[in-house]
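K.L.:
Take this structure first; my questions come after.
The values are calculated or read from the model by the stated rules, or taken from the named source; none is laboratory data. This one's a predicted model, so the numbers in the text were calculated from it and none came from an experiment. Positions of Cβ are backbone-derived with ideal geometry, glycine not excepted, and every protein chain shown enters the neighbour counts. Surface areas here come from the heavy atoms of the whole protein model, side chains and all, with no ligands, DNA or RNA. Shrake-Rupley method; radii C 1.70, N 1.55, O 1.52, S 1.80 Å.
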Amino acid sequence: MNVVAAPRKPDIESQKPTAPDWAVELKGLTKIYRPTGKGAAKHALKGIDLQIPRGSFFGLLGPNGAGKSTLINILAGLVIKTAGDARIWGFGIDERPRQSRAAIGVVPQELVLDPFFTPREILDLQAGLYGVPKAERRTDELLAAVGLADKGNAYSRTLSGGMRRRLMVAKALVHRPPVLVLDEPTAGVDIELRQSLWKYVRELNRAGTTILLTTHYLEEAQELCDTIAIINNGVVAACEPTPALLGRMDRKELWLTLDRDLALVPEGLTRYHTELVDRRRLVVRYQPSRDHINEVLGAIQQSGLAITDLSTNETDLEDIFLQLVRASSA
Ligand code: ADP
Ligand code: MG
């Protein structure tokens, strides 16, 4: 997976003097699913405002049912929005549907592939659909890029889940869109393939493609994305550069393993949030902005504890996420 071409911005570029600041821009995006029969309408998106910077690796993070796929599917033209405004590469999805569609490649959450076509045929059909001239097609290059060079002529029903996912990625890239959207791409992909998928997507991003990734795996967003928006219940709970989001939680933990049983938290450590997890394990919680690690370590040393092991636990996205979700559903 190392064949990366810079995204082509074909007729899109010629119609825009400069590339837009925002690869995707949403204003008040609203979706209400109305049931055909009985049952309540579902307010899946409640006025989403979001700006996805050109060139970013942007994470849309939220629990199941948050509205991630609804948002993506509106961009993909698969779901009709109820209200609000969506622009892709500067083109309104209502006013300029052809251009906005050409600017984006979407790998949907559900894997839909015709089982009787081969990967090569699937990519060729997609290229035809997007009007990519024969001479500009790069089927072999794409197949190689997603590690399916030797599967070009196999029936897609014989491909594993991970291979299908990667074929979907190739399919989304056929028309060289400047924006690539991946909706929960890790589902059903084993760890090894996941690594190569991320490697390829990272290379695309480095070569200039804006990546929008949805996930409910916090570690994934934390590791990959430079900016993260958290959505819950159809509302944006946070949107910040990843380090800023992580920095918001000013809390660290030191886990101490002791060589003998302890009944009480030592006097000198009570000024931190210290807790005896069990007789041989102590967790010291402190705020890096207030308490310097040296002071904390000094206090531990002065307490005279015999420590056999020490580990730290940084606040991760999980904590922030739970905090924000609690706050936004309160
Ligand atoms: P996510 O991708 O974050 O898991 P979705 O966008 O799939 O969330 O769903 C958001 C909400 O909208 C959920 O409550 C879901 O049940 C509801 N929903 C999604 N698609 C439909 C649909 N076609 N009809 C009715 N409700 C839907
Ligand atoms: Mg979804």
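K.L.:
State, as an integer percentage, the relative contact order of the chain based on alpha-carbon contacts under 8 Å between residues 6 or more apart.
P.N.:
20 percent
K.L.:
In debye, nearest 20: dipole of region 221-271 around its Cα centre with unit charges on the Cβ of K, R (+) and D, E (-)?
P.N.:
So the magnitude is around 140 debye.
K.L.:
Counting only protein heavy atoms and a 1.4 Å probe, tell me what percentage of the chain's accessible area is made up of carbon and sulfur.
P.N.:
Looking at the chain in its full context, I get 50 percent from C and S.
K.L.:
Could you pull out every one of the aspartates and glutamates with an alpha carbon less than 13 Å from that of LYS27, ignoring same-chain neighbours closer than 8 positions?
P.N.:
The qualifying aspartates and glutamates are ASP49, ASP85.
K.L.:
What is the dipole size for region 178-299, taken about its Cα centre, with +1 at each Lys and Arg Cβ and -1 at each Asp and Glu Cβ, in debye to the nearest 20?
P.N.:
280 debye
K.L.:
On to the next question. Quick check on region 88-156: what does the Kirkwood estimate of hydrodynamic radius come out to from the alpha carbon pairs, in Å?
P.N.:
In region 88-156 this quantity evaluates to 13.6 Å.
K.L.:
Given +1 on the Cβ of Lys and Arg, -1 on the Cβ of Asp and Glu, and no further charges, what dipole in debye does the chain carry about its Cα centre, rounded to the nearest 20?
P.N.:
1220 debye
K.L.:
Can you give me the convex hull volume of the Cα atoms of region 11-239, divided per residue and expressed in Å³?
P.N.:
Roughly 132 Å³ of hull volume per residue.
K.L.:
Please list, or write none, the aspartates and glutamates whose alpha carbon is within less than 18 Å of the alpha carbon of LYS199, excluding same-chain residues fewer than 8 places away.
P.N.:
GLU141, ASP183, GLU184, ASP190, GLU219, GLU220, GLU223, ASP226
K.L.:
Taking Cα pairs under 8 Å and at least six residues apart, what relative contact order does region 178-231 come out at, in percent?
P.N.:
50 percent
K.L.:
Also: Just subtract the alpha-carbon distance of VAL283 and GLN195 from 0.36 nm times their residue separation and send over the number in nm, one decimal.
P.N.:
28.4 nm
K.L.:
Less than 15 Å apart at the alpha-carbon level, and either on another chain or at least 8 residues along: which aspartates and glutamates does that give for LYS134?
P.N.:
Counting by Cα, and skipping residues close in sequence, LYS134 has these aspartates and glutamates nearby: GLU121, ASP124.
K.L.:
Still on this structure: Once the Cα atoms of region 252-314 are picked out, what are the Rg and Dmax in Å?
P.N.:
10.6, 32
K.L.:
On to the next question. Nearest-5 percent of antiparallel DSSP beta bridges in the chain?
P.N.:
Expressed as a percentage, antiparallel bridges in the chain total about 70.
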